[in-house]
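Asks: This is the structure I have questions about; it appears just below.
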Amino acid sequence: MNDADVSKQIQQMVRFIRQEAEEKANEISVSAEEEFNIEKLQLVEAEKKKTRQEYERKERQVEIRKKIEYSMQLNASRIKVLQAQDDVISSMKEAASKELLHVSHHHHLTLTHHDHVYRNLLKDLIIQCLLRLKEPSVLLRCRKDDLHLVEHVLDSAAQEYAEKVNVDPPEIIVDNQVYLPPGPHHHNSHDLYCSGGVVLASRDGKIVCENTLDARLDVVFRKKLPEIRNQLFGQVVA
Amino acid sequence: MDPFKGQGGIQMLLIAEQEAQHIVSNARNLRTQRLKQAKDEVEREAAQYRSHMEDEYQKLISENTGSSGSNVKRLEEETDAKIKNLKKSTSKISSEVVDMLLKYVTNIKT
């Protein structure tokens, strides 16, 4: 082998080495680009998924909060309507209660037609209690203001009762020590009050017939409440 | 054989081999760099996407605040209308009811 051949062979080897290196480098570049794209897509997708899930959760929470808020508002609204309903019914009862004063209003020193009406009412209230108690001797309490009217009708009430049930007239003892409270006044609206009527009891005090106008109003009101509500709210869906 | 010539040939081969290593090494470095670049681009795109989602979310919130407000307002109006109707009904039948109650209170069965 001469020098020229040796030199030629070396050049070939050098070219081969470079070519191998460049092929290797190229291979690395290509696979790098593939890895780059795959890696990027995977990571991007993973991040997006995470973000999407996070925001879906947040949006669900917004929806939930929105529903809760509306539900609370709706509930408050319903309560408000129900409260208004109760208020109007209470105001009716109060109006009726105020009217009771007109029923029982009278003057001490003069008897008027109105007094006759209330006086007869008192008599009927007493008779009704006597019919319920069916006692030969009873205690009676009334307002101090009503005392003279009660005393005025006591005998005739006892007599009417006796005739109705065919017994001897009962003894009716009027309590001159303890009276029912007087009618209501604005300045002490929370105190006990009695708008009129009577309370009768058996002598031993065990059986009581409360026939005050206020007690009667309570009973009537409770009994008529469904009817009243139906008139007011029959067409209203609360 | 000229000893210098032989030395030169081997030297050339060694140099070529070093250059080859360099080329491959560069390619590997570029790959590493590229992968890091991938992560950077991912972060940028993820941030972009998140920003977009946040905008949508804030829009949703402001819409909900608006619609929630309008819902509440409508509810209040409905409630007030109901109560107004209620008071109208009450005023119509109030004296009638009071009279009925009083009638029963004062109508005593004996």
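Asks: Have a look at A:SER77, A:SER91 and point out the one that is surrounded by 16 or more Cβ atoms within 10 Å (Cβ to Cβ), within 28 Å of the chain's Cα centre (by Cα) and either facing chain B (nearest Cβ under 9 Å) or under 30 Å from B:VAL72 (Cβ atoms) (or both).
Replies: The match here is A:SER77.
Asks: Out of (1) open to solvent by 90 Å² or more (accessible area, probe 1.4 Å); (2) touching a Phe, Trp or Tyr at 6+ places or on another chain (Cβ under 7 Å); (3) within 11 Å of another protein chain (Cβ to nearest Cβ), what's the single condition that is false for A:LYS144?
Replies: Evaluating A:LYS144 over (1) open to solvent by 90 Å² or more (accessible area, probe 1.4 Å); (2) touching a Phe, Trp or Tyr at 6+ places or on another chain (Cβ under 7 Å); (3) within 11 Å of another protein chain (Cβ to nearest Cβ) leaves (3) as the failure.
Asks: Just a yes or no: is a residue in region A:17-31 open to solvent by less than 60 Å² (accessible area, probe 1.4 Å), modelled with pLDDT of 85 or more, part of a helix (DSSP H, G or I) and farther than 30 Å from B:MET12 by Cβ?
Replies: Checked region A:17-31: at least one residue is open to solvent by less than 60 Å² (accessible area, probe 1.4 Å), modelled with pLDDT of 85 or more, part of a helix (DSSP H, G or I) and farther than 30 Å from B:MET12 by Cβ.
Asks: Against the definition (open to solvent by less than 50 Å² (accessible area, probe 1.4 Å), under 30 Å from A:ARG222 (Cβ atoms) and either in contact with a helix residue (DSSP H, G or I) (Cβ under 7 Å, 6 or more places away or on another chain) or part of a helix (DSSP H, G or I) (or both)), how does B:MET53 come out, yes or no?
Replies: no
Residues checked against (1) part of a helix (DSSP H, G or I); (2) within 9 Å of chain A (Cβ to nearest Cβ); (3) open to solvent by 80 Å² or more (accessible area, probe 1.4 Å):
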residue	(1), (2), (3)
B:ILE23	yes, yes, no
B:LEU30	yes, yes, yes
B:LYS36	yes, no, yes
B:LEU60	yes, yes, no
B:GLU63	yes, no, yes
B:LYS73	yes, no, yes
B:THR90	yes, yes, no
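Asks: Any idea which residue in region A:104-118 is farthest from A:PHE233 (Cα to Cα), counting only those that are modelled with pLDDT under 90 and surrounded by 19 or more Cβ atoms within 10 Å (Cβ to Cβ)?
Replies: Taking the candidates together, the pick is A:HIS106.
Asks: Another question, then. Name every residue in region A:38-53 that is modelled with pLDDT of 85 or more and facing chain B (nearest Cβ under 8 Å), in order of residue number.
Replies: Across region A:38-53, the qualifying residues are A:LYS40, A:LEU43, A:VAL44, A:GLU47, A:LYS48, A:THR51.
Asks: Enumerate the pairs (first residue in region A:137-155 and within 19 Å of A:LEU192 (Cα to Cα); second residue anywhere and in a helix (DSSP H, G or I) and open to solvent by less than 20 Å² (accessible area, probe 1.4 Å)) with beta-carbon separation below 8 Å, excluding pairs fewer than 6 apart on the same chain, so at least 6 apart or on different chains.
Replies: Close Cβ pairs satisfying both conditions: A:LEU140/A:ILE126; A:LEU140/A:VAL150; A:CYS142/A:LEU122; A:CYS142/A:VAL150; A:ASP146/A:SER104; A:ASP146/A:LEU122.
Asks: Residues in region A:8-42 that are in contact with a helix residue (DSSP H, G or I) (Cβ under 7 Å, 6 or more places away or on another chain) and over 25 Å from B:GLU45 (Cβ atoms): how many?
Replies: 11
Asks: Does B:GLU41 satisfy being within 30 Å of A:GLN19 (Cα to Cα), without any contact (Cβ under 8 Å) to a residue 24 or more places away in the chain, touching a helix residue (DSSP H, G or I) at 6+ places or on another chain (Cβ under 7 Å) and within 7 Å of chain A (Cβ to nearest Cβ)?
Replies: No, not satisfied.
The values are calculated or read from the model by the stated rules, or taken from the named source; none is laboratory data. Model, not experiment: these values are computed from the prediction. So basically every Cβ, Gly included, is an ideal-geometry build from the backbone, and we count neighbours across all protein chains shown. SASA here: full protein model, heavy atoms, side chains in, ligands and nucleic acids out. Shrake-Rupley method; radii C 1.70, N 1.55, O 1.52, S 1.80 Å.
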